[in-house]
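*Asks:* Got a structure here, written out as structure tokens. Questions coming.
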Amino acid sequence: MAGPSIAESEVADPLAAQVAQVRAFNRFYTNVIGLLHGMYLDSPYTLTEGRVLFEIARRPAVEVSWLRRELDIDAGYLSRVLGQFEADSLVTRHRSEADARRREIRVTDAGRAAMAELDRRAAQQIGVLLRGADCGRLLDAMRVITEVLGRPGGTGAPKHDTGHEMPARVLTLRPLGPGDLGWMLQRHGTRYAAEFGWDASFEAVCARIIAEYTTKRDAAPDRTTGWIAEVDGVSAGSILCVPDSMTTARLRLLLVEPWARGLGIGARLVGECLRFAREAGYSDITLWTYDRLAAARRIYTAAGFTLVSEERDDAFGDHMMSQTWSRSLHYDDRHSAG
């Protein structure tokens, strides 16, 4: 009897279909960045040689044993690569000052120049690739791949087993730009429905808050502003600061995306809001929240806010306590945050 076809096997084993999809992506991406076109970036080096040179050039000195572990490379092949680099005057070998039994590799000026040229070509190649692309979606997908395959217990090996480091996350705060208010509305509606089951009336409240923000910003641009937090160039959080009275500012629409939590984004956004409110001349700041939002309340408490009042408020299809929090903006306040 004939065995099952490939299609039948994939139906019987969902993992086989997933493996096939990952392999298809690998073939697609290696072709996109030209890894099948011969030498790396039209340079004299293979991809492996370029990676070895990269790891050497980014440090003052590298032990050969560390290189072998970090790159999971055959010892004999690595020795041949380093020998060729040494012959080309790209690196030098030395005995380790810490342990004479170990060998260190140091990059030369020529090696550093070769690596700089590879960096330039790689940046140019990726820049062309990203031109006109939806970079937000692309970078978010790359982040997910990195986190899923690099986490302990996942397919990728954790850092403490291999020495591989997860890429450093780049966190930035920037003023609001075109499209950001729409993004804030969409993310608030989506996130609160997913996490708390709140209905569309919450999104309607957020829409009114955003409309009020634009009115107040036009009337008092030096006392009204907002920020978007980005992680690796992807929008990950938001906050607004608006006038509540001549002396009181109001913090509004604090949000941190679930995938970006744990990076201190909420504290950074609140701290920036407090800094702006002080510089704008406000003497205190207030906010409105609900008792269900425990993570946000921890951020507010750490920033020096205290609970002023609360009352029962069955809203958005939920049963909750509506709360008002506030704090002074005087610099001698023991909780002053920046």
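*Asks:* Out of the residues in region 195-211 meeting the condition of being surrounded by 15 or more Cβ atoms within 10 Å (Cβ to Cβ) and within 18 Å of residue 245 (Cα to Cα), tell me which one is nearest to the chain's Cα centre (by Cα).
*Replies:* 210
*Asks:* If we keep just the residues of region 308-319 that are of a type in the set (A, V, I, L, M, F, W, C) and within 14 Å of residue 192 (Cα to Cα), which is surrounded by the fewest Cβ atoms within 10 Å (Cβ to Cβ)?
*Replies:* Taking the candidates together, the pick is 315.
*Asks:* Checking residue 68 against (1) on the phi > 0 side of the Ramachandran plot; (2) at pLDDT below 90: exactly one of these is not met. Which one?
*Replies:* Single failed check for residue 68: (1).
*Asks:* Please go through region 280-307 and pick out each residue that is touching a strand residue (DSSP E or B) at 6+ places or on another chain (Cβ under 8 Å), assigned to a loop (DSSP other than H, G, I, E, B) and surrounded by 16 or more Cβ atoms within 10 Å (Cβ to Cβ).
*Replies:* Residues satisfying the conditions are 280, 282, 292, 303, 304, 305.
*Asks:* Considering each of 55, 97 in turn, give the residue that is at pLDDT 85 or above and acidic (Asp, Glu). Reasoning before the result, please.
*Replies:* On the way: 97 fails: at pLDDT 85 or above.
Checking each option against the conditions leaves just 55.
*Asks:* Going by the structure shown, is residue 253 of a type in the set (A, V, I, L, M) and either crowded, with 16+ Cβ neighbours inside 10 Å or not assigned by TED's automatic domain parsing to the domain that holds residue 203 (or both)?
*Replies:* yes
*Asks:* Given the criterion touching a helix residue (DSSP H, G or I) at 6+ places or on another chain (Cβ under 9 Å) and part of a helix (DSSP H, G or I), identify the matching residue among 106, 68.
*Replies:* Answer to the check: 68.
*Asks:* Working carefully through the options 30, 48, find the one that is at pLDDT 70 or above, closer than 17 Å to residue 82 by Cα and surrounded by 11 or more Cβ atoms within 10 Å (Cβ to Cβ).
*Replies:* Just one listed residue meets the conditions, 48.
The values are calculated or read from the model by the stated rules, or taken from the named source; none is laboratory data. The shown structure was predicted, so the numbers you read here are calculated from the model rather than taken from an experiment. Note that each Cβ is placed from the backbone with ideal geometry, even for glycine, and that neighbours are counted across all protein chains shown.
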